[in-house]
Amino acid sequence: MLRDLPRYAAPILIGFVLLCSIASCSPNQTGLEQEAANIKKSVTELVSSGKIPGAVVYLIDGGEVKGKLVAGFKDIEAQKPLKEDDIFRLYSMSKPLTSTAIMMLVDQQKLSLDTPLEEILPEFSNMQVYVSGDLDEMVTEPINRSITMLDLLRHHSGVTYHFMGNSPVHAYYRKYGVMRDTPVGREPGDGAPAESLDQLMERLGKAPLLHQPGQEFAYSYSTTVLGAVVEKITGKALNIALKEMIFDPLEMSDTKFLLDEADASRFVVNYMMTEDGIKRIEDWENTDYKDPSRLLDGGGAIAGTGADYLHFVQMLGQGGIYKGHRVLSQESLEVMVSNPINASFGNVLFDFGLGFEVGSEHSSKDKRLPLESFGWSGSGNTYFWINPKTGDGVVFMTQVILPPKFQAQGDYLRRIVFDQISDDETSDKH
């Protein structure tokens, strides 16, 4: 039978057979076992059809892992099977980590949600807001109030990303390199990216804001700014601060900004979807993750394993506690997911808290995030969610960047799990 399959399918199925033996799969699967089987089938088809290179998936039930899938490849060209302890680029799944660090500092009374940004980072004094005109003849006005920690957590600051639009403000970001060095959203002709977090803060402080602070949601470098806040408050480089505050307490030993030669064999290849299929765009030879001078972006530059991120998600699902140790106060966690604001990406509407999307009628209808859950995703199409009431959730790790024209594929990656979780809500899985 295996001889009749595409040459990349045999390792995929072998991986699933091993998982079935671990999970005690049987022909008479019911409940959660059937959910896992259905997701396995969908993921296998995605890998076999060349839609994703591979995936590591954890299904969480009542706070515990009840389903675990590993499929596909970390390196398609070299035919290297993906393993559970392989390291992924988290991209924007870095944001919940940095946002949590900020709330931990609030718990420690080292800052508040109302703390003005310029009190910590003077670069953001005297900010200007875009009013009219093009890049070369831009009219601006002063901010009507300070940017606060709350604004940054909500992406209400007026800061943006260079790739989130085509306005004169976005053109300014591109021309003057108000960005970090990443393949996400880069275009020929963009100015040289910032080489350090301090340099990026200087550039953001000089750039016009897209809107007045607190006016509306704009996905942005706001969390990157929060990373700089963590550095200033703790007096430590962001990689050290997050290691001490979050990674060590949660036993996230493989989660880091900087990788070394010992990590090389576990660092997955980065792919991008094109009209001709998925294209290899980054591997160990050309990655900046091994560069000790790389910009420490708390909004998108952390790498880690699915198992590590699972620990973080389990902590969130248990009200801020991990293995009996409180990492984040229950009060702060509730603030992060309460009273979300209205937000959107194009035509996609969603509710956003402090670092997380919060489940809503919109997210449920789109089969993206269940009601009463919260979570987030990354540009490599990693995603997670957790329901704090039931302890049910998912961590889904893959590594393929999808340009806007392929967004339907990203939606499908979420739907294959959402459909199983949602179906299970009306049945007894235990």
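The values are calculated or read from the model by the stated rules, or taken from the named source; none is laboratory data. None of these values were measured; they are calculated from a predicted model. Here the Cβ is made from the backbone with ideal geometry for all residues, glycine too, and neighbour counts use every protein chain on show.
Among the residues making up the stretch 381-391, those that are within 19 Å of Gly298 (Cα to Cα) and outside any loop (DSSP other than H, G, I, E, B) are Tyr383, Phe384. Of everything listed in (1) modelled with pLDDT of 95 or more; (2) within 16 Å of the chain's Cα centre (by Cα), the single unmet condition for Phe345 is (1). The selection criterion, being part of a helix (DSSP H, G or I) and in contact (Cβ under 8 Å) with a residue 40 or more places away in the chain, does not hold for Val394. Note on the stretch 229-246: residues that are without any contact (Cβ under 8 Å) to a residue 24 or more places away in the chain and among the hydrophobic types (A, V, I, L, M, F, W, C) amount to 1.
Out of Pro208, Pro142, Pro183, one residue alone is closer than 27 Å to Phe350 by Cβ and over 21 Å from the mean Cα position of the chain (by Cα). It is Pro208. Of all the criteria given as (1) farther than 19 Å from Ser222 by Cα; (2) touching a Gly at 6+ places or on another chain (Cβ under 9 Å); (3) of a type in the set (Val, Ile, Thr); (4) surrounded by fewer than 21 Cβ atoms within 10 Å (Cβ to Cβ), the one not satisfied by Val348 is (2). Of the strands (runs of 3 or more DSSP E) lying entirely inside the stretch 338-380, the ones with 1 or more residues being charged (D, E, K, R) are found at 348-352. Apart from one condition, Glu334 fits all of (1) of a type outside the set (Ser, Thr, Tyr); (2) free of Cβ contacts under 8 Å to residues at least 60 places away in the same chain; (3) more than 19 Å from Lys95 (Cα to Cα); the exception is (3). No other residue among Ser132, Ser157 is polar (S, T, N, Q) and surrounded by fewer than 20 Cβ atoms within 10 Å (Cβ to Cβ) apart from Ser132. Identify the residue in the stretch 349-370 that is acidic (Asp, Glu) and over 10 Å from Trp385 (Cβ atoms) and, among all such residues, is nearest to the chain's Cα centre (by Cα). The selected residue is Asp351.
Yes/no matrix, rows are residues, columns are (1) hydrophobic (A, V, I, L, M, F, W, C); (2) surrounded by 22 or more Cβ atoms within 10 Å (Cβ to Cβ):
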| position | (1), (2) |
| --- | --- |
| Pro53 | no, yes |
| Ile87 | yes, yes |
| Ala101 | yes, yes |
| Met104 | yes, no |
| Phe124 | yes, yes |
